[in-house]
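Asks: Below you will find the structure I want to go over with you.
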């Protein structure tokens, strides 16, 4: 099994790849009249948003928070050091859910103002970028220094699993997304 730090960094790299695809697909909205090949791939967007809900919410963030708790309990950092990051986990969840609602509305034919969709996506991407910077700058260096016993203790606190987009653990659930990423990035 990968070191905890390496797993978390790989998760962030996969998130960046997925978000680039999401940004590209949403950029296609409003262009389809000018370009036949510019149709956004709604099923792909829905799969991306499902991934963004499924993996970070169910596994990545709980694993990070278990690591943060370990760091706090062992005096390696303070609750104040991780408070902003933990708060951002909640804000990201809310922002991702709003994006899912907008895309679901589009899927059933409800009008969603294009500028509102793009603005919300930009806000979400900005929040996620800031969040990742905060983690990698403020807390991940401490996680990198943990020994095997500490990592084992942290992993026992949550149901851990590898990112479904990891090359070692690709899942059929996100097969369309994996094919797209492999083909274009």
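Asks: Separation between the residue 134 and residue 2 pseudo-spin-labels, each 7 Å from Cα along Cα→Cβ, expressed in nm?
Replies: According to this spin-label approximation, the distance is 2.3 nm.
Asks: Tell me whether segment 85-129 comes out rounded, prolate or oblate; compute the Cα gyration tensor, take square roots of the eigenvalues as a ≥ b ≥ c, and use a/c under 1.5 as the rounded threshold. Write down the numbers at each step before the final one.
Replies: Numbers: a/c = 4.18, a/b = 1.93, b/c = 2.17.
In terms of gyration-tensor shape, oblate.
Asks: Can you put 9, 52 in order, fewest other beta carbons within 10 Å first?
Replies: Ranking 9, 52 by Cβ neighbours within 10 Å, fewest first, gives 9, 52.
Asks: Need one word for segment 1-99: rounded, prolate or oblate. Basis is the Cα gyration tensor (sqrt eigenvalues a ≥ b ≥ c); a/c below 1.5 gives rounded, then a/b vs b/c decides.
Replies: It comes out prolate by the Cα gyration axes.
Read-outs: derived from the displayed coordinates by stated rules, not from any lab. In this text the structure is predicted, and so the values were computed from the model without any measurement. Counting neighbours? That spans all protein chains shown, and the Cβs are built from the backbone with ideal geometry, glycine included.
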